[in-house]
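Could you have a look at this structure, given as structure tokens, before my questions?
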Amino acid sequence: MRKRRAARRVKSGDGHPLQRFRWWQLLGRSLFYLRLADGAGGHTVYAVDVRHNRTDDDGYNNADLFVDGRHHARSRIPAVFPVPGGKIEVKKSVFGLKRCHYVTAEGSEQRLQPDRFSAEGRRAHLDRTHPALSRGISLLSTVVLLASLAVLVVQLLEKLTRSAPIAAQIGTFTSPVVLPVWLNVALGVAAALASTERALRLRYNWLLDGGAG
């Protein structure tokens, strides 16, 4: 059923050319590429273009598929584009893309390559050129999200147990963590930045990143 729904969402493209990535699109556009052999000794280049701040008339984000620089298809996200040997899957989170992968008919997966000038491409370049710094940033993002999740859980427990019926059954819980409003806001902003950093690497966890959203 999911495959049929995904297939129905794919609409034919109009053939317009793929626009170059511009620096001012860093926060609002994702652009990824896939290079596949065409069976005749050459290669075909597929590009997935997502404009995060652009929606259709029904309020949905769309993904556009380009083939050798020409618009080939469009689909609402989550999108599944059929390509030779498999399909390209595109999924989005609050903070960016969480999936842009080529999945073969045998089930193997390959992440598409981000455009060098996109935010995802710059993050990938940092990972290649400064791997130690990249690992440190990745670890910091995870730690921030874990801390944010822990604070959220204890604060929710305290609020829930304030209810008279629940308090009568299990007693009340007092959070050991009491943060001022400004620090709660700062932690929320830090968690959003951490999830955004993870989205640049197409990393997503429903508990960590979903909680931050």
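At pLDDT below 95, open to solvent by less than 40 Å² (accessible area, probe 1.4 Å) and more than 28 Å from Arg29 (Cα to Cα), is that true of Val151?
Judged against the criteria, Val151 is a match.
Looking only at residues in segment 6-62 that are of a type in the set (Val, Ile, Thr) and under 18 Å from the mean Cα position of the chain (by Cα), which one is nearest to Thr196 (Cα to Cα)?
Filtering segment 6-62 for residues that are of a type in the set (Val, Ile, Thr) and under 18 Å from the mean Cα position of the chain (by Cα), the one nearest to Thr196 (Cα to Cα) comes out as Val50.
Is it true that His125 is over 14 Å from Leu202 (Cα atoms) and in contact with a His (Cβ under 7 Å, 6 or more places away or on another chain)?
Considered against the rule, which asks whether it is over 14 Å from Leu202 (Cα atoms) and in contact with a His (Cβ under 7 Å, 6 or more places away or on another chain), His125 comes out as no.
Moving to a separate point now. Limited to segment 1-14, what total is found for residues that are in a helix (DSSP H, G or I) and surrounded by 11 or more Cβ atoms within 10 Å (Cβ to Cβ)?
Adding up the residues that qualify gives 4.
Also, quick follow-up: Within segment 23-94, which strands (runs of 3 or more DSSP E) (wholly inside it) include 1 or more residues that are closer than 18 Å to Ala7 by Cβ and open to solvent by 30 Å² or more (accessible area, probe 1.4 Å)?
Ranges flagged: 61-67, 70-76, 79-83, 86-93.
Just one of the numbered conditions (1) in contact with a Gly (Cβ under 7 Å, 6 or more places away or on another chain); (2) surrounded by 15 or more Cβ atoms within 10 Å (Cβ to Cβ); (3) over 19 Å from Leu202 (Cα atoms) is not true of Pro17; which one?
(2)
Sticking with this structure for a sec: Within segment 171-182, does at least one residue satisfy the condition of being assigned to a helix (DSSP H, G or I) and either touching a strand residue (DSSP E or B) at 6+ places or on another chain (Cβ under 7 Å) or at pLDDT 90 or above (or both)?
yes
Hey, any hits in segment 101-114 for a residue that's of a type in the set (Val, Ile, Thr) and surrounded by 14 or more Cβ atoms within 10 Å (Cβ to Cβ)?
Scanning segment 101-114 turns up at least one residue that is of a type in the set (Val, Ile, Thr) and surrounded by 14 or more Cβ atoms within 10 Å (Cβ to Cβ).
Could you tell me whether segment 43-55 includes any residue that is of a type in the set (Val, Ile, Thr) and farther than 18 Å from Arg76 by Cβ?
For segment 43-55, residues of a type in the set (Val, Ile, Thr) and farther than 18 Å from Arg76 by Cβ: present.
Taking segment 116-140 as the region of interest, how many residues are aliphatic (A, V, I, L, M) and assigned to a loop (DSSP other than H, G, I, E, B)?
0
The values are calculated or read from the model by the stated rules, or taken from the named source; none is laboratory data. These numbers were taken from a predicted model, which means no experiment stands behind them. Note that each Cβ is placed from the backbone with ideal geometry, even for glycine, and that neighbours are counted across all protein chains shown. Keep in mind that these areas ignore ligands, DNA and RNA; they rest on the heavy atoms of the full protein, side chains included. Shrake-Rupley method; radii C 1.70, N 1.55, O 1.52, S 1.80 Å.
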